[in-house]
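Only one structure is covered here, and it is reproduced in the block below.
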Amino acid sequence: MEAGTLMQFKDLGLELVLGLSALGSAAGTGVAGMAAIGAWKKNFNQNKSASFLLVALVGAPLTQTIYGNIVMTKMVELANKGQYLWGIGAFAGLAIGFSAYFQGKCAACACDAMGETGKGFGNYLAVIGIVETVALFVMVFTLIILGKLSGL
């Protein structure tokens, strides 16, 4: 492959880490949002109060987009030096995105349980936080690798 052709893709790793992280956040919030709406519907049909706390559960997967952006920002320095980092971008983005998606699935279950019982918010939040930790680990470890690649 010619150098000119490669130059067209020098920012692919940056796009992958942010795009895949955001894709996971979108899927996770979508799944959790649908569950929250279903829980509220059940509550309204039973003339019970519908907890607004479910919004916090729905929004939990959004932070993974921020983590993807943080990694992408660090990758810009290396891309400007000619390092393409497609693999790092792809795998870090996938891991962060999967964390967001599965966090959304956990949040969906939490919305269902909270809508039915009105109890357990702290427990549900703890599980969601544990799933979030995967994305945090990926972000931190990727930043460490990028720091070593940049010679810091």
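Checking understanding here: applying a Kyte-Doolittle mean of at least 1.0 and a length along the axis of at least 30 Å (C-alpha), which whole DSSP H helices in the chain pass?
Those that clear 30 Å and a mean of 1.0 are 121-149.
Mind checking which lysines have their C-alpha under 27 Å from LYS10, skipping anything on the same chain fewer than 8 residues away?
The reachable lysines, counting only those whose Cα sits under 27 Å from LYS10, are LYS74, LYS81, LYS148.
Gap in Å between the Cα centre of the stretch 79-152 and the Cα centre of the stretch 40-55?
Cα centres, the stretch 40-55 to the stretch 79-152: 29 Å.
Given VAL134, GLY151, CYS106, which one lies farthest toward the positive end of the charge dipole of the chain, if we put +1 on the Cβ of every Lys and Arg and -1 on the Cβ of every Asp and Glu?
CYS106
Which value, in debye to the nearest 20, gives the size of the charge dipole of the chain about its Cα centre, when Lys and Arg are +1 and Asp and Glu are -1 at the Cβ?
It comes to approximately 340 debye.
Whole-Å semi-axes of the chain's equivalent ellipsoid, largest first, each the root of 5 times a Cα gyration tensor eigenvalue?
Result for the chain: semi-axes of 39, 14, 9 Å.
Would you kindly state how much longer the chain becomes between MET34 and SER49 on full extension, computed as 0.36 nm times their sequence separation minus their alpha carbon distance, in nm to one decimal?
Numbers: separation 15, 0.36 × 15 = 5.40 nm, distance 1.81 nm.
Extra length from MET34 to SER49 when fully extended: 3.6 nm.
How about LYS105: which lysines have a C-alpha closer than 22 Å to its C-alpha, ignoring those fewer than 8 places off in the same chain?
Within the straight-line cut-off, LYS105 pairs with LYS41, LYS42, LYS119.
Each value in this text was obtained by applying a stated rule to the coordinates, not by laboratory testing. The structure presented is a predicted model; accordingly, all values stated were derived computationally and were not measured. FYI the Cβ positions are ideal-geometry reconstructions off the backbone, even for glycines, and counts take in every protein chain you see.
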